[in-house]
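The values are calculated or read from the model by the stated rules, or taken from the named source; none is laboratory data. Note that the structure is predicted; figures quoted are calculated from it, not measured. Cβ coordinates were reconstructed from backbone atoms using ideal geometry, including for glycine residues, and neighbour counts include every protein chain displayed. SASA here: full protein model, heavy atoms, side chains in, ligands and nucleic acids out. Shrake-Rupley method; radii C 1.70, N 1.55, O 1.52, S 1.80 Å.
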Amino acid sequence: MTKDNGAAQWTTEDEVTFIDFLLLHAAAAGDGGNFKMVTFNAAAPVVEAKRVKGGPKTAKACQNKYNSLHRTFRAIQAIKNRSGWTWSDETGASITPEMEDTWSDFLKVHKDAKPFKNKGWVHLEKVSLLMPATVKGKHVFR
């Protein structure tokens, strides 16, 4: 077990523990899917207890991780919403050599999508339950 006082490092198991905690407290996020610091303060000792490497899982580290999960979710939603593309939980965007140019253009706008060129995301199903059902885009009016 390697623990230190540096930056928090998140293993898949850490992320599962954190996401499961948030699912149990999903009502605290309200309709907007925004958790308040009190939720991250409560999550920190739960994920900290499971830490095997990296710095402490503080409330701020939990908040940063949630923001990262949210960005990843939005990037995957952009892939799923791209006309002519498909999403697979195993192969992600399933980009073929013929699609490389459009993928490169897509990444200029959606940088967080890069890891999902041909790889899925283990947390998509659970994180989908945490995110608000909102529509974003150029032609969406609020």
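Key figures for this structure:
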| item | result |
| --- | --- |
| For segment 18-142: accessible area per residue (Å², 1.4 Å) | 61 Å² |
| Amide proton proximity set for Thr91, modelled H, under 5 Å, gap of 5+ | Gly120 |
| Order by protection proxy (mean Cβ within 10 Å, highest first), peptides 78-85, 7-14 | 7-14, 78-85 |
| Relative contact order for segment 29-101, counting Cα pairs under 8 Å that sit 6 or more residues apart, in percent | 17 percent |
| Listed residues Val47, Val109, Val127, most fluctuating in the chain (Gaussian network, C-alpha, under 10 Å) | Val109 |
| Three principal axis lengths of the chain [C-alpha, angstrom, descending] | 46, 39, 22 |
| Cα centre as origin, Lys/Arg/Asp/Glu Cβ charges: the chain dipole, Debye | 500 debye |
| Dipole magnitude (debye, nearest 20) for segment 71-131, charges at Cβ of Lys, Arg, Asp, Glu | 320 debye |
| Fraction of accessible area attributable to carbon and sulfur, segment 40-118 (%, probe 1.4 Å) | 50 percent |
| Over the chain, relative contact order from alpha-carbon pairs under 8 Å, at least 6 apart, % | 26 percent |
